[in-house]
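See structure below.
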Amino acid sequence: MPMNKKTVLRPGEQIGRFDILKVMGQGAQGTVYLARDSHLQRQVAIKTLNVDEEGGQPAELKALMAEARIVSQFQHPNIVPLYDADEHDGYPYLIFEYVEGTTLSALLKKEGQLPVARAVEIAAQILDGVAYAHKKQIVHRDLKPGNVMIDAEGTPRIMDFGIAKSLNADKLAGSTGIIGTPLYMAPEYITGGVFDARADIFSVGMMLYEMLTGTTAARGANAREVLDRIVHQEFAAASAKNSDVSEQLDGIVLKALAKDPEDRFENAEAMNVALNKFLNPEDEMGGERFKPESTQSTIEFLLRRMRHKSDFPALSNTISEINKIVGSEQDGAAALSSVILKDFALTNKLLKLVNTAFYGQFGGTISTVSRAVVILGFESIRNAAITLLLFDHLQNKGQASNLKDETIAAFFNGVIGREIGSRTGLKDVEEAFICSMFHNLGKLLATFYFYEETLEIEKLMQQKGISEAHASYQVLGVSYEELGIGIARVWHFPEQITSSMRMVTEDKVKKPTTALEKLRVISGLAGELSHLASSAPPEDRVKEVGELIRRYGESMPLSEKYLMSVIDKALQEMTVHANVLKINLPQSQFMRKVRQWSGKPAESTNVVSVDADTEAITMMENAVDNTLLKTSPLDGLGITETSVDGVETTTQIDASAVLAAGIQDITNTMVGDFTLNDLLRMILETMYRGMGFTRVLVCVRDVRTQSLHGRFGFGKDVDTVMKSFKIPLTYSPDVFHLALSKGVDIMINDIDADNIKERVPGWYRKAVPARSFLIFPIVVDKAPIAMIYADQDNGEMAIPPKELNLLKTLRNQAVLAVKQKR
């Protein structure tokens, strides 16, 4: 169809050789589509540009196409390439690479202000792309968060050079008025239409300000007010809105935002150098010992080192994601379960942990994360998941034994804190556990990431007799305490944890008057008791315990017998948790010292020394041939952990056992009071884990529209995919209507098979990448109420008869649950 500036093309229509798939965005300058290149068989992003409907300005149109063809030559990792530019019915359009990810604008809308180091890293990479474009004599003219994609790897990529201009143009004082986005326009462009490379620098400065503060530097009720403030009013320093922004970074941002372009950075490279000096202090770059200028710079330095670890970004994102989930009845359980289920190993360890003796007091076996949340509570499962994540990350890195001992000590602190919390009548003993475990987070992380520095701290303490806080400040520029609190805040830990990380320094600790203070006192006592048990000579035990009682005696009833029984109970619990956490207690020097201090006999070790000796090799081969299958609560859940001499080698899932365990778990749930959403989540999770589907989801009838809408689910991109599931209950010649109207289960192994491809609706093909899927309708009194959907992206579904029958049993449980609740 002919295009004009008001035309919006629909899916199925074409521009040239490109098939339109959907509209991705619209603006004053044009419309952006997701399209498919029929020649090269790839997806692209197409932007149609608006020009005057009476025929436009041929000279300007010609110049625009010339500029576009220059930009199409760009090859840079921080720029989304322009493949080509063309005309359709006399109107221009641009073809870009299609990048999966989110815009910086969407990220800021979701997150608000970003961590300082992350914000600076994004700005620095944007400047890399800007500098490249400037060297090619092209100025972008519309740099803003909406024109920066953050791809799947977290790399920022500049897009939409649609109004870019050559730096060789006549000062760009165009007759068509100013073009761009008011919030990010440079003052000289607003007042005189003059635009050179330094105007792009101003735009990057505005974006960096927004990333650091969560707000724009110039705010107003309308565009005219915003433009006036950019031209005439000085900007407040970013540090006024975010105390984590240092004076050094403030200076960089304000220099980029100078009203006079002569006062800004000379070019994009100069600003990039300044940001990289901030990110990488010169003493670090020169290989000398790190000497930060402030507490915040130390934390930022640590975060940068963490990000250089291959798996840390994923760990950090997961911990932050879990901490930001609100424990609401409607959404919290589903969101928490979804995050945990993304990590196969975490899911298995969590289920194993909640089925240990400590958690097993409710009776029965927990086979799904969803039920674990219902039974044990949102906070308990969130805390357990974070504990397992961090412990596994720090413990399983092939480190020196003393580094592993730090993680064991942290967990032991938590176990002691939980026991003290239980004995003092604390309502939520899991809070005492998590607070006590993370009480020394700063030292734990410093030992892992700043190992050489921690050795120097220990040396200073011994040689000069100074405190650990004083020594850590001398070496790192920050105390372990402040370091831990800073990282905890970056990870969005709740206030009760960050407050409890404050060290107890009083000579005599008073009785706490608030819940937060009680957690801090319990965490402090747990940490000191753990340290005493692992470092004090056994012969000094009575004296040292007496000093601990003197300090903490007013805060809670204490005695030597009380504290020793706490240690005894904690040692018993460590034995229970050791198998879940893969801790070799006999090999831990920390645990050996605690047992010796408490008067317990040392645990026996069973370590095979392997060398070139034939006998040793034979012993090892026999051990492998006679693989030990450890009995654990997971055995009933269909999860088999294979170990040789106690060392885990593989984890296998028995699909039928997982499904059967889930069915039993759901049956037990239905006997008591339950919410329908909770039960449906358990059913979906059982299917998802047992069968290894790519995604599973449930659609529920909307009475107003007489259609089924996606409600919730698990798996890859399920939230995005689920939005497309709006299935009308009126007649439609497709497999979904057939399943719902007839109440029959349908399994499609190949959506392109000759006998089925016409029955797969167009909305499904556009929204879902799966090649095979399964439909289980939930029909009550011959009326379709809901539908369970499961799919597989790669390959055909191969579901044996036994597993298929178990899946149908789960569907039947859903039908029964709906009937009960109706």
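The values are calculated or read from the model by the stated rules, or taken from the named source; none is laboratory data. Remember, it's a predicted structure, so these values are computed and weren't measured experimentally. As a convention, Cβ positions derive from the backbone with ideal geometry for all residues, glycine included, and neighbour counts pool all protein chains shown. Protein only, heavy atoms only, side chains kept; ligands, DNA and RNA dropped before computing areas. Shrake-Rupley method; radii C 1.70, N 1.55, O 1.52, S 1.80 Å.
Ignoring lysines fewer than eight residues from LYS782 along the same chain, the ones with Cα atoms less than 19 angstrom from its Cα are LYS742, LYS808, LYS819, LYS821. In order along region 802-808, phi translates into HN-Hα couplings of 4, 5, 5, 5, 5, 4, 5 Hz, rounded to whole numbers, per the Karplus curve 6.51 cos²θ - 1.76 cosθ + 1.60 with θ = phi - 60° and x for Gly and Pro. When a 1.4 Å probe is rolled over the protein heavy atoms, the share of accessible surface on region 432-535 that falls to carbon and sulfur comes to 52 percent. The phi torsions of region 246-260, fed into the Karplus equation with coefficients 6.51, -1.76 and 1.60 and a -60° offset, translate into couplings of 7, 4, 4, 5, 3, x, 5, 5, 5, 5, 5, 9, 4, 5, 8 Hz, rounded to whole numbers, with Gly and Pro shown as x. Sequence-distant contacts, meaning Cα pairs under 8 Å at least 6 residues apart, place the relative contact order of region 748-810 at 30 percent. Using only alpha carbon pairs under 8 Å that are at least six residues apart, calculate the relative contact order of region 699-805 and give it in whole percent. Answer for region 699-805 is 24 percent.
Counting only residues at least eight positions apart within a chain, or on another chain, the lysines with an alpha carbon under 28 Å from that of LYS165 are LYS5, LYS6, LYS47, LYS62, LYS135, LYS136, LYS144, LYS255, LYS259.
Peptide packing: for 761-774, 682-695, the average count of neighbouring Cβ atoms within 10 Å per residue gives the ranking 682-695, 761-774, highest mean first.
Using the beta-carbon distance between ASP84 and GLU111 and R0 = 41 Å, what value does 1/(1 + (r/R0)^6) give for FRET efficiency, to the nearest 0.05?
Values: r = 35 Å, r/R0 = 0.84.
The computed FRET efficiency comes out at 0.75.
Annotation: amide H of GLY25 within the under-5 Å range of VAL32, sequence separation 5 or more or interchain, hydrogens built in the peptide plane. In a simple Cβ point-charge model (Lys, Arg +1; Asp, Glu -1; nothing else charged), region 430-512 has a dipole of about 240 debye relative to its Cα centre.
Lysine pairs in region 369-505 with alpha-carbon atoms under 23 Å apart, 8 or more places apart or on different chains: how many are there? List each step's numbers first, then the result.
Working: LYS397/LYS443; LYS404/LYS443; LYS404/LYS459; LYS443/LYS459; LYS443/LYS464.
Close lysine pairs under the 23 Å cut-off: 5.
With the cut-off at 23 Å, report for region 371-502 the share of all Cα pairs above it, as a whole percent. For region 371-502, the fraction of Cα-Cα distances above 23 Å is 37 percent. 3J(HN,Hα) along region 693-704, derived from phi through the Karplus expression 6.51 cos²θ - 1.76 cosθ + 1.60 where θ = phi - 60°, amounts to 4, 5, 7, 9, 8, 10, 10, 10, 5, 9, 4, 5 Hz, with x in place of Gly and Pro. Solvent-accessible surface of region 455-583, averaged per residue with a 1.4 angstrom probe and all protein chains in place: 46 square angstrom.
Which FRET efficiency value, to the nearest 0.05, do you get for VAL194 and ALA236 by plugging their Cβ-Cβ distance into 1/(1 + (r/R0)^6) with R0 = 30 Å? Don't skip to the end; give the middle numbers.
Working: r = 26 Å, r/R0 = 0.87.
Efficiency computed from Cβ-Cβ geometry: 0.70.
So what is the relative contact order for region 504-583, in percent, with contacts set as C-alpha pairs under 8 Å and at least six apart? Kindly include the intermediate steps, with their values, before the conclusion.
Numbers: 37 pairs, mean separation 29.7, N = 80.
Reported relative contact order: 37 percent.
What does the net charge come to around TYR731 if you take all other residues with beta carbon closer than 15 Å to its beta carbon, with K and R at +1 and D and E at -1?
Here the charged neighbours net out to +1.
Take 808-816, 336-344 and order them by the average number of nearby Cβ atoms within 10 Å per residue, most first; the result is 336-344, 808-816.
The amide H of LEU82, built 1.01 Å from its N in the peptide plane, has PHE74 as neighbours under 5 Å, considering only residues 5 or more places off or on other chains.
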